[in-house]
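> Below is a structure I'd like to ask you about.
The values are calculated or read from the model by the stated rules, or taken from the named source; none is laboratory data. Just so you know, these numbers come straight off a predicted model, no measurement behind them. Every residue, glycine among them, receives a Cβ derived from its backbone with ideal geometry; neighbour counts consider all protein chains shown. Just the protein is used for accessible areas: all its heavy atoms, side chains included, with ligands, DNA and RNA removed. Shrake-Rupley method; radii C 1.70, N 1.55, O 1.52, S 1.80 Å.
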Amino acid sequence: MSSRILLTILHDFLIFAISFFLALWIRLDLTNAMILYKDLWYFQFFFSFTNIFLLKYMGLYHGIWRYASLHEIKSIIQSVLISTLILIGIFFIIFRLENIPRSFPIFLFIISIFGVTGPRVIYRIFKDYLKKNELKKIPILVFGDNSSAENFIRFTKQNNDSPYEVIGLIGLKENAVGRRIHNIPIIASIHRIESVTSFLKKSSTDKLPQRIIISDPKTKPKVLELIYIFSQQNGLAIGMLPKISDLSSKESSNRFEANPIVIEDVLGRKQKVNDPNMLKDISGKKILVTGAGGSIGSELSKQIYRLKPKLLILLEQNEYSLFKISSVLTKNTLASLTDIRDTKKMEDILSFHKPDYIFHTAALKHITFVEDEPLEALKTNFLATVKLCQLCKLLKLKKMIFISTDKAVNPSNVMGASKRLCEKYIQKISKNSKETIFTIVRFGNVLGSTGSVVPLFEKQINHGGPITITHPKVKRYFMTIREAVELVLISSQLKVKENGEIYILEMGDSIFIKDLAKRMILLSGRTEDEIKIEYTGLRKGEKMNEQLFFNNEKISKTTVDGILSTNSKLFNVEIESFNKLVLEIQSHGKNNNIKIFRDLLPEYSKDEN
């Protein structure tokens, strides 16, 4: 028997013994209570032992106070009732109840119940209060007003380890609207689901729902379609409760695997969405995507593909990545195993197909590797971009969209500096470009991308931890790949104020990486006691905080929510300086080109900003 169980038994034994004396004292004055107690004291131990035996028989001592519920209280009431009746029977046989106050058993019953249940209830309330204040839950809507929905709501309310907080219900029938289940309002019916929008407008920012949970796995396909369309229009993730039979279908193992992590939940905010009609101009056009097998490039290709372009050209230098994306996108698609550093092949492809839009996502992005091989970064990120821009102008292609990064703002590493160099070059050459429109889209980290923290943290959680973070104060901007790519596509359709315009995607507030890690631990069903967080120190070239724009950049809003723009040309550089750097990269080694590289970027600093 564990020490915890022994302490619990000792606690209950003392409570029952004290209750015996208190019941006499309440009924009689202290003097008379002491006189009667001298004759009955040994029955005190009989009462206590009887209760301990009954409670152990009912399995109470195998429970955990942290999860004390009505089941435990019911067992205590049954035990005290039985032991009190037995005690009355013994008093009748021995004393014929003479000199025994008739109200004594009633007081004994009441005091014993409150004495044993009170500490358990207080302990649970205290632990629940601490847990509630420690964890920020994800606000959700639940579709359904059936028993499954009721069970789920009750579970989320009673179990503080649940990551979800139900704030509203979508019912099946109109006459159910306005009614409540466990004090959660039914805000709309499925037939008038659009009325949920008014509820969303009234919700406070921290209570905006991020997800819709479907409570009934047997929901009809037409209803599912309505919910899916609504969730997409409002930037909500969508999920479904499992069947009861599925809950026990897993094979037993030494430990549970972490539940699959939903990226929208990790994001911690409602996603921005826009009118898909803004993208209709892409339909029937020739579109080329560089780096089409990467995280951004592949999602960009998938969204473009759904818009039914005349031809989608996928350029990718990694054979496996190209195979994966081209096996999914087959109709009106050309897959080309091409390195964007191969200028001759790039010229052949562009001159033959003459694409209307070029989305340039290809780049070396891993900070540590790029820091060790700066020349490779300059060849891929800068030189290849220069050649691509020159080809676009030469062939008079309609539009090129360059994908930049928040690391280009006050860069402290080679990757960010190379991207900033591209921004400055594009702004410079676009000034005299009449046929080709050049735009730049700058945004921060995308959740779930290759090399991002989300898949890394998920893998570490599944292996039992620890989660490794470079520094407790590191903060980053985040958005989902789908959201970022959708805004990139929409920005390509905006009318530019000036060629070379930089579009900046609004990404909300930057968040601490440690908070993201804690949120993922919560979503996986684990605790921070089970999955530890360790700090390893900042990596070479890593900044504590990222920025989306320079302090001196003049930022203005566009016609689209979530997209800002700037035409500010800071640290102006003449085109001859860029040409000189190109020659240096082509003809010299790593040590010879770094100086001119730095000269072109006075904003580039290894120091933390």
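> Within segment 454-502, count every residue that is touching a residue at least 24 places away in the same chain (Cβ under 8 Å), within 25 Å of K431 (Cα to Cα) and either open to solvent by 10 Å² or more (accessible area, probe 1.4 Å) or not in a strand (DSSP E or B) (or both).
Of the residues in that region, 13 qualify.
> When you check I77 against the structure, is it part of a helix (DSSP H, G or I), within 23 Å of I5 (Cβ to Cβ) and modelled with pLDDT of 80 or more, yes or no?
For I77, the condition - part of a helix (DSSP H, G or I), within 23 Å of I5 (Cβ to Cβ) and modelled with pLDDT of 80 or more - is met.
> So, in segment 503-512, exactly how many residues are closer than 30 Å to S162 by Cβ and surrounded by fewer than 23 Cβ atoms within 10 Å (Cβ to Cβ)?
Count: 5.
> For E376, work out the one condition from (1) modelled with pLDDT under 90; (2) surrounded by 20 or more Cβ atoms within 10 Å (Cβ to Cβ); (3) under 23 Å from L581 (Cβ atoms); (4) charged (D, E, K, R) it doesn't fulfil.
(2)
> Turning to a different aspect of this structure: When the residues of segment 283-308 are filtered to those that are open to solvent by less than 10 Å² (accessible area, probe 1.4 Å) and over 31 Å from the mean Cα position of the chain (by Cα), which remaining residue is farthest from I490 (Cα to Cα)?
L288
> Scan segment 92-126 residue by residue and report those that are of a type in the set (V, I, T), more than 15 Å from L14 (Cα to Cα) and not in a loop (DSSP other than H, G, I, E, B).
Within segment 92-126, I93, I94, I106, I110, V121, I122, I125 qualify.
> In segment 318-335, which residues are over 17 Å from K285 (Cα atoms) and surrounded by fewer than 19 Cβ atoms within 10 Å (Cβ to Cβ)?
So in segment 318-335, the residues over 17 Å from K285 (Cα atoms) come out as 318-328.
Once the filter is applied, which keeps residues that are over 17 Å from K285 (Cα atoms) and surrounded by fewer than 19 Cβ atoms within 10 Å (Cβ to Cβ), segment 318-335 yields N318, E319, Y320, F323, K324, S327, V328.
> Please verify whether segment 116-127 includes one or more residues that are on the phi < 0 side of the Ramachandran plot and at pLDDT 80 or above.
Scanning segment 116-127 turns up at least one residue that is on the phi < 0 side of the Ramachandran plot and at pLDDT 80 or above.
> Scan segment 164-194 residue by residue and report those that are closer than 20 Å to Q210 by Cα, touching a Ser or Thr at 6+ places or on another chain (Cβ under 7 Å) and open to solvent by 30 Å² or more (accessible area, probe 1.4 Å).
Once the filter is applied, which keeps residues that are closer than 20 Å to Q210 by Cα, touching a Ser or Thr at 6+ places or on another chain (Cβ under 7 Å) and open to solvent by 30 Å² or more (accessible area, probe 1.4 Å), segment 164-194 yields Y164, E165.
> Does any residue of segment 82-91 turn out to be among the aromatic types (F, W, Y), at pLDDT below 80 and over 15 Å from T8 (Cα atoms)?
Step one: of segment 82-91, the residues among the aromatic types (F, W, Y) are 91.
With the extra rule that they be at pLDDT below 80, the set shrinks to 91.
Narrowing the set further to residues that are over 15 Å from T8 (Cα atoms) leaves 91.
Yes, because at least one residue in segment 82-91 is among the aromatic types (F, W, Y), at pLDDT below 80 and over 15 Å from T8 (Cα atoms).
> Follow-up. Out of N254, N259, which single residue is under 17 Å from the mean Cα position of the chain (by Cα), open to solvent by 40 Å² or more (accessible area, probe 1.4 Å) and at pLDDT below 75?
Within the list N254, N259, the selection yields N259.
> May I pose another question? In segment 357-383, which residues are over 32 Å from the mean Cα position of the chain (by Cα) and of a type in the set (A, V, I, L, M, F, W, C)?
L375, L378, F382, L383
> Please go through segment 41-72 and pick out each residue that is at pLDDT 75 or above, open to solvent by less than 70 Å² (accessible area, probe 1.4 Å) and of a type outside the set (F, W, Y).
Answer for segment 41-72, where residues must be at pLDDT 75 or above, open to solvent by less than 70 Å² (accessible area, probe 1.4 Å) and of a type outside the set (F, W, Y): Q44, S48, T50, N51, I52, L54, L55.
> Scanning for something open to solvent by less than 40 Å² (accessible area, probe 1.4 Å) and either at pLDDT 85 or above or more than 24 Å from the chain's Cα centre (by Cα) (or both), does segment 538-545 turn up at least one residue?
Checked segment 538-545: at least one residue is open to solvent by less than 40 Å² (accessible area, probe 1.4 Å) and either at pLDDT 85 or above or more than 24 Å from the chain's Cα centre (by Cα) (or both).
> I'd like the full set of residues that are of a type in the set (A, V, I, L, M), in a helix (DSSP H, G or I) and out of contact with any Phe, Trp or Tyr (no Cβ under 7 Å at 6 or more places or on another chain), limited to segment 18-58.
I18, L22, L30, M34, I35, L36, L40, L54
> Could you please find all residues in segment 389-425 being out of contact with any Lys or Arg (no Cβ under 9 Å at 6 or more places or on another chain), in contact (Cβ under 8 Å) with a residue 40 or more places away in the chain and among the polar types (S, T, N, Q)?
Within segment 389-425, S418 is the sole residue that qualifies.
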